[in-house]
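*Asks:* Questions regarding the structure given below will be posed in turn.
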Amino acid sequence: MNEPLQANDETSGQEFNPELSVLIVDDTPENLVALEVVLDDVDCTLVTASSGNEALGKLLKQDFALVLLDVQMPRVDGFEVLRRIRETSNLPVMFLSGDKHHTEMLRANREGAYPLYEMTCSPLTAGTHSSKSGGDLDNPRLVKGSLVNEHNYCRFSFSGPRTDRRLKIDVIGKEGQQYWSTQIKSSVLSYNQVND
């Protein structure tokens, strides 16, 4: 897990605007394709990496506005990538994982730091298992109203200028009904906010 950082010399030939570039990291090719399809309408440049090591190499070569990061990867996992990013940057990172059969948002408040959000969205398996009978509702980090056990998908949208970015998350049912929605401002995810 503590491999030396190795930059990948391959370039895609795309022009990058760090304000509009999103790095997507996942070791499963099908997940990368699915994320590219889901984010196709977002006005940004999507860059993919199929391993933690490849992602770290791309982060050395260019700037990004956001990293969408798989947690479970061989050799250099998502937590190691985040640890290395935090050594030099406060770049926003959103973890992606597919371990649950429902949709939920968790918020972890940290003393002296901005809160961490964990968003689980399981569009293929949500509703196949019940979470309401288990400990999920008792989780103190659960954002009120965000637990959805019905079949659903999540839509992420980004808006606003660089100094006031907003992430909007909509949880939508298979018939188009909106189950839940929230917005997170970039100012909430900053050390400046903590130190004010």
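*Asks:* Just one of the numbered conditions (1) part of a loop (DSSP other than H, G, I, E, B); (2) surrounded by fewer than 19 Cβ atoms within 10 Å (Cβ to Cβ); (3) at pLDDT 85 or above is not true of Leu46; which one?
*Replies:* The failed condition is (1).
*Asks:* Exactly one of these conditions fails for Leu32: (1) within 22 Å of Ala113 (Cβ to Cβ); (2) assigned to a helix (DSSP H, G or I); (3) modelled with pLDDT of 85 or more. Give me its number.
*Replies:* With (1) within 22 Å of Ala113 (Cβ to Cβ); (2) assigned to a helix (DSSP H, G or I); (3) modelled with pLDDT of 85 or more applied to Leu32, the lone miss is (1).
*Asks:* While we're here: Can you confirm whether Phe16 is modelled with pLDDT under 85, aromatic (Phe, Trp, Tyr), under 20 Å from Tyr153 (Cα atoms) and not in a helix (DSSP H, G or I)?
*Replies:* For Phe16, the condition - modelled with pLDDT under 85, aromatic (Phe, Trp, Tyr), under 20 Å from Tyr153 (Cα atoms) and not in a helix (DSSP H, G or I) - is not met.
*Asks:* Please count how many residues of the range 84-95 are part of a strand (DSSP E or B) and at pLDDT 85 or above. Working first, answer last.
*Replies:* Here is the first cut: in the range 84-95, the ones part of a strand (DSSP E or B) are 93-95.
Checking the rest, the ones that are also at pLDDT 85 or above come to 93-94.
Of the residues in that region, 2 qualify.
*Asks:* May I pose another question? Confirm whether Arg162 is more than 13 Å from the chain's Cα centre (by Cα) and at pLDDT below 80.
*Replies:* yes
*Asks:* Here's a check for you: in the range 49-83, which residue that is among the hydrophobic types (A, V, I, L, M, F, W, C), assigned to a loop (DSSP other than H, G, I, E, B) and at pLDDT 85 or above is farthest from Leu167 (Cα to Cα)? Please lay out each step first, then the result.
*Replies:* If we filter the range 49-83 for residues that are among the hydrophobic types (A, V, I, L, M, F, W, C), which is where we start, we get 49, 55-56, 59-60, 64-69, 71, 73, 76, 79, 81-82.
With the extra rule that they be assigned to a loop (DSSP other than H, G, I, E, B), the set shrinks to 64-65, 71, 73, 76.
Of the ones still in play, those that are also at pLDDT 85 or above are 64-65, 76.
On the way: Phe64: 15, Ala65: 12, Val76: 27 Å.
Filtering the range 49-83 for residues that are among the hydrophobic types (A, V, I, L, M, F, W, C), assigned to a loop (DSSP other than H, G, I, E, B) and at pLDDT 85 or above, the one farthest from Leu167 (Cα to Cα) comes out as Val76.
*Asks:* So Pro115 fits all but one of (1) without any contact (Cβ under 8 Å) to a residue 24 or more places away in the chain; (2) in a strand (DSSP E or B); what number is the exception?
*Replies:* Every condition holds for Pro115 apart from (1).
*Asks:* Quick check on the range 96-112. Is at least one of its residues outside any strand (DSSP E or B) and modelled with pLDDT of 80 or more?
*Replies:* Taking every residue of the range 96-112 in turn, none turns out to be outside any strand (DSSP E or B) and modelled with pLDDT of 80 or more.
The values are calculated or read from the model by the stated rules, or taken from the named source; none is laboratory data. Fair warning: this is a prediction, and the values are worked out from it, not measured in the lab. Positions of Cβ are backbone-derived with ideal geometry, glycine not excepted, and every protein chain shown enters the neighbour counts.
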